[in-house]
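A.B. asks: What follows is a single structure, and I will ask about it in a moment.
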Amino acid sequence: MAAITIEGVSKTFGKAAALKDVSLEVRDGEFMVLLGPSGCGKTTLLRSVAGLERLDRGRVRIGDRDVTDLPPRDRNIAMVFQSYAVFPHMTVEQNIGFGLRMKKRPKEEIARRVREGAELLALVPFLDRYPAQLSGGQRQRVAVSRALVMDAPVLLMDEPLSNLDALLRLQARADLKRLHTEVKRTTVYVTHDQVEAMSMGDRIAVMREGEIVQVDTPMRIYDRPANQFVGSFIGSPPMNFLEGRFEGGRFAGEGFALEVAPPAGADGRTLLMGVRAEHLALGRGAIPARVVVVEPLGSHTLLTALVGKTPVKVQVPVDTEVRADQEVRLEAPPSLVRWMDAESGAALS
Amino acid sequence: MTAVPSPRQGGRVGGQALDRALVYGVAILFALWVLVPFYLIALAAFTPRETIFEYPKSFLPTDLTTETMRFFVQSRGVIPSVINSVAVAVMTIVLGLALGAPAGYALARFRFRGREGFSLVVLATKMFPIAILSIPLAVTFLRLGLYDNLIGVALVHTAMALPFIILVTSGVFVSVSQELEEAAQTLGCSRWGAFVRVALPLALPGLAAAAIFTFVISWNEVFASTILTLRNRTLPAQVLTTLSDSPLYYKFAGGFFMVVPAIVFIFFMRRYLLNLWGGK
């Protein structure tokens with residue numbers, strides 16, 4: 001059993017705060033993705049769990065052990081680094097077996113587990129090669145294999161796919177997900193790629209400026225972002241936001257007025273109506289807009305339209321007859337919109 | 001590139017050839033500038049003593065003999081001074097790496113307060129000419145009982161070589177990714193274990209290069225060695241002090257004898273030097 005509990009962790013580098021009082025609970029066997037733009041502190045948080053950063057404040061527990069003051073080797077973790085950190089002076093076999101040798105396992109056991117680790121990641125033909133003789137994807141697999149053979153209950157991964165080219169990344173993403181379902185380690189996975197986060201995570205922790213903004217399942221984060229930042233960071237295209245306020249039972253902003261029930265706590269504040277591109281439809285809706293750009297993308301067509309001066313993205317079927325400069329009306333189903341305070345960006349309810 | 005060169009491409013290829021010729025021309029010029037004096041010294045060192053004064057000189061090795069070299073090596077004080085030189089150089093390497101490599105590692109790995117200042121101060125020791133430092137050093141060494149002692153010379157050579165060692169080793173350690181050491185730590189190594197098992201083996205060629213270069217610095221150093229010793233001379237000090245009253249062929253033989261280790265070492269380490277300097 002190895003749940004990870006992070007409690008009130010803070011870390012500053014010089015004057016810059018990398019982590020501000022961060023708390024997070026990762027359940028046993030869960031695949032938790034730390035997602036955020038670069039510099040948001042996600043890697044620092046991962047390294048704090050690994051024991052590679054000395055914390056200013058807070059505790060880290062793995063299972064029922066407080067590991068805050070333990071060095072990495074006593075934490076029962078395994079880690080895959082962004083650069084892979086495959087040892088260049090060792091063969092693939094020596095790389096995979098390195099951790100087991102450090103743990104002074106018997107020779108036969110090392111040989112057996114290295115073999116298994118190599119088979120799991122299709123590295124058997126390369127066991128005698130040096131990293132310099134491998135491709136980027138193979139090196140990445142060596143790094144994963146080296147971490148897996150440790151049989152540590154916690155697996156930490158720092159952007160393991162970011163150095164692969166696009167096609168290989170798709171393949172490796174699926175491989176990693178398959179591996180996770182096979183070995184069921186508690187996994188913390190850092191990425192800045194929201195597609196990776198959506199497709200792999202059991203849950204996602206979205207981070208920004210050293211804080212966790214929202215922790216939830218991928219679909220709930222996508223559908224019910226906790227604030228404007230999450231809505232605009234997750235999803236491609238990002239969520240649309242229309243600014244306005246409720247007047248006489250209608251949500252009215254620049255260039256539109258929409259008959260919709262006000263959310264609880266609207267109280268005449270300026271609000272943002274957040275709506276996904278695929279939830280907007282062309283039709284007899286109450287939002288007049290002018291189409292600016294039409295982008296056919298094969299599976300669907302993406303429109304950029306102006307509501308007043310605000311650009312919004314609209315996803316329509318490919319067979320939609322529409323051209324640039326056309327005036328259209330947009331429909332936003334009330335059940336699928338998300339209301340946010342315009343000032344703080346925080347979602348209502 | 002297409003298989004059929006257009007006239008224009010042909011012109012560019014021609015331009016490239018000209019560039020190459022220019023580069024090689026300059027390179028050859030520089031090489032000659034170094035090699036010709038060395039060749040003349042070597043020639044004189046292996047010419048019979050009688051013919052060395054002949055004029056006009058033959059630039060071809062027509063009359064080779066090891067007699068002059070044997071005369072030099074068998075001269076009084078040469079063999080002991082060679083032993084002294086090697087002893088001093090070895091001590092300098094051990095001391096220099098023991099002090100310099102950790103400093104270089106710290107510069108490469110840690111962001112500590114005053115890091116910039118430190119790397120400047122390291123270089124600043126090079127600002128003071130050894131000629132100015134030698135006299136006070138000699139006085140201090142007399143007091144400490146280190147005068148005319150090889151350890152004293154090795155200490156001075158270490159001080160002279162340290163800036164170089166620190167800068168080179170920090171460059172070497174910078175090139176060893178920190179993530180490698182961290183990976184070793186997550187795989188069961190202590191901080192020290194990760195250094196020994198991962199950083200050190202990867203840095204070894206660079207450290208060897210630093211050691212060899214330190215050897216050359218110490219082997220060639222003449223001023224401090226001359227001031228700080230009386231009877232326990234190193235080879236350059238020995239040659240220098242006997243220079244004014246030795247015959248010309250002795251000088252040539254001594255020069256050749258001293259330059260050979262440097263050449264051999266440079267030859268072995270040039271691969272690492274080129275790596276350090278970003279070449280291939």
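A.B. asks: Tally up the residues in the range A:102-124 that are of a type in the set (Asp, Glu) and part of a loop (DSSP other than H, G, I, E, B), please. Don't jump to the end; show me each part of the working.
C.D. replies: Let us first name the residues in the range A:102-124 that are of a type in the set (Asp, Glu), namely A:108-109, A:116, A:119.
Checking which are part of a loop (DSSP other than H, G, I, E, B) leaves us with none.
Selection size over the range A:102-124: 0.
A.B. asks: Please find, within the range A:328-349, the residue that is surrounded by the fewest Cβ atoms within 10 Å (Cβ to Cβ) out of those that are touching a residue at least 12 places away in the same chain (Cβ under 8 Å) and of a type in the set (S, T, N, Q). Let's see the steps before the verdict.
C.D. replies: Let us first name the residues in the range A:328-349 that are touching a residue at least 12 places away in the same chain (Cβ under 8 Å), namely A:328-334, A:336-349.
Subsequent filtering for residues that are of a type in the set (S, T, N, Q) retains A:344, A:349.
Numbers: A:Ser344: 10, A:Ser349: 8.
The extreme case among them is A:Ser349.
A.B. asks: Of all the residues that make up the range A:186-200, how many are surrounded by 24 or more Cβ atoms within 10 Å (Cβ to Cβ) and in a loop (DSSP other than H, G, I, E, B)?
C.D. replies: Matching residues across the range A:186-200 total 0.
A.B. asks: Quick one: A:Leu156 ticks every box in (1) assigned to a helix (DSSP H, G or I); (2) at pLDDT 95 or above except a single one, so which number is it?
C.D. replies: Checking A:Leu156 against (1) assigned to a helix (DSSP H, G or I); (2) at pLDDT 95 or above, the one that fails is (1).
A.B. asks: Another one. Between a first residue in the range A:109-132 that is within 21 Å of A:Gln171 (Cα to Cα) and a second residue that is of a type in the set (Phe, Trp, Tyr), which pairs have beta carbons less than 9 Å apart while being 6 or more apart in sequence or on different chains?
C.D. replies: Once the first residue is within 21 Å of A:Gln171 (Cα to Cα) and sits in the range A:109-132, its partners that are of a type in the set (Phe, Trp, Tyr) give A:Ala118/A:Phe126; A:Pro131/A:Tyr84; A:Pro131/A:Phe87.
A.B. asks: Same structure again: Got a sec? Which strands (runs of 3 or more DSSP E) wholly within the range A:1-101 have at least 2 residues that are within 12 Å of chain B (Cβ to nearest Cβ)?
C.D. replies: Values: elements: A:4-13, A:16-26, A:31-35, A:57-62, A:77-80.
Filter on the range A:1-101 gives A:77-80.
A.B. asks: Just checking, which of B:Glu67, B:Glu54, B:Glu50 is within 11 Å of B:Ala253 (Cα to Cα) and acidic (Asp, Glu)? Working first, answer last.
C.D. replies: Values: B:Glu54 fails: within 11 Å of B:Ala253 (Cα to Cα); B:Glu50 fails: within 11 Å of B:Ala253 (Cα to Cα).
Result: B:Glu67 is the single residue among B:Glu67, B:Glu54, B:Glu50 that is within 11 Å of B:Ala253 (Cα to Cα) and acidic (Asp, Glu).
Residues checked against (1) part of a helix (DSSP H, G or I); (2) under 19 Å from B:Leu235 (Cβ atoms); (3) facing another protein chain (nearest Cβ under 10 Å); (4) among the hydroxyl-bearing types (Ser, Thr, Tyr):
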site	(1), (2), (3), (4)
B:Ala194	yes, no, yes, no
B:Ala199	yes, no, no, no
B:Leu202	yes, no, yes, no
B:Gly206	yes, no, no, no
B:Ala210	yes, no, no, no
B:Ser225	yes, yes, no, yes
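A.B. asks: Looking only at the range A:126-141, decide whether some residue is basic (Lys, Arg), within 12 Å of chain B (Cβ to nearest Cβ) and either in contact with a strand residue (DSSP E or B) (Cβ under 8 Å, 6 or more places away or on another chain) or within 14 Å of A:Glu93 (Cα to Cα) (or both).
C.D. replies: No - not one qualifying residue is present in the range A:126-141.
A.B. asks: The conditions are (1) within 26 Å of the chain's Cα centre (by Cα); (2) in contact (Cβ under 8 Å) with a residue 12 or more places away in the chain, and B:Pro129 fails exactly one of them. Which is it?
C.D. replies: Failed condition: (2).
A.B. asks: Now for a different question. For the range A:224-265, what are the residues that are touching a residue at least 60 places away in the same chain (Cβ under 8 Å) and assigned to a helix (DSSP H, G or I)?
C.D. replies: Within the range A:224-265, A:Gln228, A:Phe229, A:Gly231, A:Phe233 qualify.
A.B. asks: Return the residues of the range A:315-327 that are under 35 Å from the mean Cα position of the chain (by Cα) and surrounded by 10 or more Cβ atoms within 10 Å (Cβ to Cβ); say none if nothing qualifies.
C.D. replies: Those that are under 35 Å from the mean Cα position of the chain (by Cα) and surrounded by 10 or more Cβ atoms within 10 Å (Cβ to Cβ): A:Gln315, A:Val316, A:Pro317, A:Val318, A:Thr320, A:Val322, A:Ala324.
A.B. asks: Let me ask something else. Residues that are within 14 Å of chain A (Cβ to nearest Cβ) and not aromatic (Phe, Trp, Tyr), at least 3 per element: which helices (runs of 4 or more DSSP H) completely within the range B:108-190 meet that? If you could, list the steps in order and put the result at the bottom.
C.D. replies: Numbers: elements: B:115-124, B:130-144, B:150-174, B:178-186.
Qualifying helices (runs of 4 or more DSSP H): B:178-186.
A.B. asks: Right, next: Kindly provide the set of residues from the range A:3-31 that are buried (at least 21 other Cβ atoms within 10 Å of the Cβ) and over 17 Å from A:Gly58 (Cβ atoms), ordered by number.
C.D. replies: From the range A:3-31, those buried (at least 21 other Cβ atoms within 10 Å of the Cβ) are A:4, A:6, A:9, A:11, A:18-19, A:22, A:26, A:31; that's our starting set.
Within the range A:3-31, A:Phe31 is the sole residue that qualifies.
A.B. asks: When only residues in the range A:142-159 that are of a type in the set (Gly, Ala, Ser) and more than 14 Å from B:Ala184 (Cα to Cα) count, which is farthest from the other protein chains (Cβ to nearest Cβ)?
C.D. replies: Step one: filter the range A:142-159 for residues of a type in the set (Gly, Ala, Ser), giving A:143, A:145, A:147, A:152.
Next, only the ones that are more than 14 Å from B:Ala184 (Cα to Cα) stay: A:145, A:152.
Working: A:Ser145: 12, A:Ala152: 9 Å.
For the range A:142-159, the residue satisfying everything is A:Ser145.
A.B. asks: So, in the range B:230-280, of the ones that are buried (at least 19 other Cβ atoms within 10 Å of the Cβ) and of a type in the set (Ser, Thr, Tyr), which residue ends up modelled with the lowest pLDDT?
C.D. replies: In this case the residue turns out to be B:Tyr272.
The values are calculated or read from the model by the stated rules, or taken from the named source; none is laboratory data. In this text the structure is predicted, and so the values were computed from the model without any measurement. When we count neighbours, we look across all protein chains shown, and the Cβ atoms used for this are built from the backbone with ideal geometry, even at glycine.
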